[in-house]
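A short write-up of the structure that comes next.
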Amino acid sequence: MAKNKMKTHKTAAKRFKITKNGKIMRRHAYAWHKTGKKRRSTLRALRLETEVASSDKERVLRMLGKR
């Protein structure tokens, strides 16, 4: 019996990027809706990407087909 390949979760592949050093990066929530109310400093901070929490790292790697 042949073993099936695991498929990549396509929406996860669009939302997460893996850096050269192995970090998993994601975008911030609340960044692109109702931005008129937010401070400029807040919007600048939301533009940056942040690292995925260590508790979610294994789950994201499975969705990306890396584990």
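The values are calculated or read from the model by the stated rules, or taken from the named source; none is laboratory data. No experiment lies behind these values; they were computed from the predicted model shown. As a convention, Cβ positions derive from the backbone with ideal geometry for all residues, glycine included, and neighbour counts pool all protein chains shown.
It is to be established whether one or more residues within region 54-66 are touching a strand residue (DSSP E or B) at 6+ places or on another chain (Cβ under 8 Å) and basic (Lys, Arg).
Of region 54-66, the ones touching a strand residue (DSSP E or B) at 6+ places or on another chain (Cβ under 8 Å) are 57, 60-61, 64, 66.
If we keep only those that are basic (Lys, Arg) too, we end up with 57, 66.
Checked region 54-66: at least one residue is touching a strand residue (DSSP E or B) at 6+ places or on another chain (Cβ under 8 Å) and basic (Lys, Arg).
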Members of region 14-29 that are of a type in the set (A, V, I, L, M) and either modelled with pLDDT of 95 or more or within 13 Å of Lys57 (Cβ to Cβ) (or both) = Ile18, Ile24, Met25
ask   = Restricting attention to region 36-46, does a residue exist that is in contact with a strand residue (DSSP E or B) (Cβ under 7 Å, 6 or more places away or on another chain), more than 14 Å from Lys66 (Cβ to Cβ) and surrounded by 12 or more Cβ atoms within 10 Å (Cβ to Cβ)?
value = no
note = Those helices (runs of 4 or more DSSP H) completely within the chain that have 1 or more residues that are in contact with a helix residue (DSSP H, G or I) (Cβ under 9 Å, 6 or more places away or on another chain) and in contact (Cβ under 8 Å) with a residue 40 or more places away in the chain are 10-15, 54-63
remark   = (1) surrounded by 14 or more Cβ atoms within 10 Å (Cβ to Cβ); (2) in contact with a Gly (Cβ under 9 Å, 6 or more places away or on another chain) all hold for Val52 apart from (2)
